[in-house]
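A quick write-up on the structure given underneath.
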Amino acid sequence: MMKRSILCCAVLAAALTLAACGGGGSGDTSNPSPPPQSDDGSGSTPPPPPPPPPPPPPPPPPPPPPPPPSTDRIEPLDTALLKREAQTKAEPAAASRLPAGAVVPRIALGLLAAVKKAAAQDKGAPLQIGQGRAVQATASPENLAGQLHWNVLADGSQVAALAFSAEGARAIRLGVLARRVPAGAVLRFYGADGADVVEMTAAKLEALRQINEAGGLTGDEARMVWGPVTNGTVSTLEVQLPAGADASLLQLAVPQLSHFMQTVPQAMQQAFKETADIGAAGSCNLDVMCNADLQAESRAVAEMVFHSGRYDYLCTGTLMNDARGSRTPYFLTANHCISTQAEASSLITYWFFRAAACNSSPRYDAAMTRMMDGARLLYTESLGASASDATLLQLNSPPPANVVYAGSYFGAELAQGTGVTGVHHPAGDLQKYSVGSVTGYTNCVSLGNGYSSCPPSDSATGQMYLIGWTQGTTEGGSSGSAIFTKLGNTRYVAGTLSAGDASCSNRGGSDSYGRFDRAYSRGIKAYLNP
């Protein structure tokens, strides 16, 4: 019994010794690692290292690419929304320099025996508003020189004037042949009241000659310029030469003048206003100022007056934007309105020629502006089986402020039933609008005298859209105006008026519009989207 107790004590003592030496049931007999020492040798434990920074968040996904630019249209450009440019100092209004009591000879033409018509007044012809008359007394520079009485002014310059009258004319426009005009000379044009003086400098005459020659004109045809339309039966040409200029070197003639039976300027002068001048469009026409949704298109459309052959005409045209938004004044109308450089050079445009407010006719918009520097002919194609009766011009001076450069559509053809809107000047009246749709396609062939034959065609071969009107109509004077089609919230030019028999008395008639996409692909693209 004593032996067993001693043995147990011995076993217990051995177990305690193994525990003190780190032994245990694991059988691990390795020595423990010494505690870490601090950098200063003090033996203290350093703080644990800071945790690593969190990874940066992933970059945001890139924005989706912008939609590709449209390849079937050019967007309009509203200059009223652009940043205002610095205002240039306005030049003083032109005024006559003729001294009081100066002798002004008058070349008098009597009444016209009868007003001749250049063509039937159909939409296939521009609206005739004037007739040319030969002026034998000033047909050559020698004849005109013999009529002038020169006056020497205090600054040494010389001035003389010559008046022209045409009995029964509502207005007159002088055709001036400027063969040689000394540098620094100025031509002035004004009516009987002496107001609204328009100047042409020798430098401008030279610039116009160069434009005409670039357009293919030569000789006297390139040197022919047209003055403004002056109200009444008398128009005066005043010539001022700079000090030291030799008057014998001046070579100026007025071989013809235009005798107007209907004019735009008179329509804007209450003293001259008659029903033949304004408000003459059919009663079913719609005042553009009564439709707030068309004010952008209204500011892109201008009334046109121009001279061709022996006559003066009126049409409608539209200012066009290009793909770059360069504000180059491209101007679209019909070939049957303007098709030559001589006609383009005589162009006068009237902007904002519309009512002052809804149904305020004959009161017109105070912003109405006349531009009379002509244009250069860029592209034209006549009416035919493979042409759409279109002309593109470039105005020789910028249009007035707040105009809209219209957008254009040249993609797939407009399907039958597509809605369209026209903005135009029927019968030379204040601006109107029409609402309708595409009813079919056609190819028109001229029959002469402004009339056309327009048999049905299909969308693949038709050069024209047939348009039926549900509101409003078109008339002579509307020729060359655009139809607009609406894509989304924006309207684009899709065609130009060429012919048709729609009227207030023929509500079931239709009009033919040359397809813009056809003329665009054949030549207009080179200017609007090169």
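The values are calculated or read from the model by the stated rules, or taken from the named source; none is laboratory data. Here the structure is a predicted model, which is why all the values come from computation and not from measurement. With ideal geometry, Cβ positions are generated from the backbone for all residues, glycine too; neighbour counts draw on all protein chains shown. Accessible surface is based on the protein model in full, side chains and every heavy atom, while ligands, DNA and RNA are left aside. Shrake-Rupley method; radii C 1.70, N 1.55, O 1.52, S 1.80 Å.
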Tally, over region 367-393, of residues that are touching a Phe, Trp or Tyr at 6+ places or on another chain (Cβ under 6 Å), in a strand (DSSP E or B) and farther than 30 Å from ALA460 by Cα: 2
Matching entry among SER452, SER434, SER521 (being touching a residue at least 40 places away in the same chain (Cβ under 8 Å), open to solvent by 40 Å² or more (accessible area, probe 1.4 Å) and among the hydroxyl-bearing types (Ser, Thr, Tyr)): SER521
Members of region 211-254 that are touching a residue at least 60 places away in the same chain (Cβ under 8 Å), under 34 Å from the mean Cα position of the chain (by Cα) and loosely packed, with under 15 Cβ neighbours inside 10 Å: ALA214, GLY216
Residue within region 471-487 that is more than 19 Å from GLN416 (Cα to Cα), among the polar types (S, T, N, Q), assigned to a strand (DSSP E or B) and open to solvent by 10 Å² or more (accessible area, probe 1.4 Å) present: no
Wholly within region 123-184, strands (runs of 3 or more DSSP E) carrying at least 2 residues that are more than 35 Å from the chain's Cα centre (by Cα) and either β-branched (Val, Ile, Thr) or surrounded by 15 or more Cβ atoms within 10 Å (Cβ to Cβ) (or both): 158-166
Given (1) hydrophobic (A, V, I, L, M, F, W, C); (2) modelled with pLDDT under 95; (3) open to solvent by 10 Å² or more (accessible area, probe 1.4 Å); (4) over 29 Å from ALA355 (Cα atoms), index of the condition CYS444 fails: (3)
Residue pairs meeting the criteria (Cβ under 9 Å; at least 6 apart or on separate chains; first at positive phi, in region 305-327; second modelled with pLDDT under 95 and open to solvent by 30 Å² or more (accessible area, probe 1.4 Å)): GLY309/ALA118; ARG327/LEU82
Members of region 488-501 found to be open to solvent by less than 10 Å² (accessible area, probe 1.4 Å) and modelled with pLDDT under 95, listed by number: ALA499
Near pairs, Cβ below 6 angstrom, 6+ apart or cross-chain, from region 332-347 (assigned to a loop (DSSP other than H, G, I, E, B)) to any residue that is of a type outside the set (D, E, K, R) and open to solvent by 10 Å² or more (accessible area, probe 1.4 Å): ASN335/THR380; ASN335/SER382; CYS337/PRO126; SER339/THR380; SER346/TRP226; SER346/HIS307
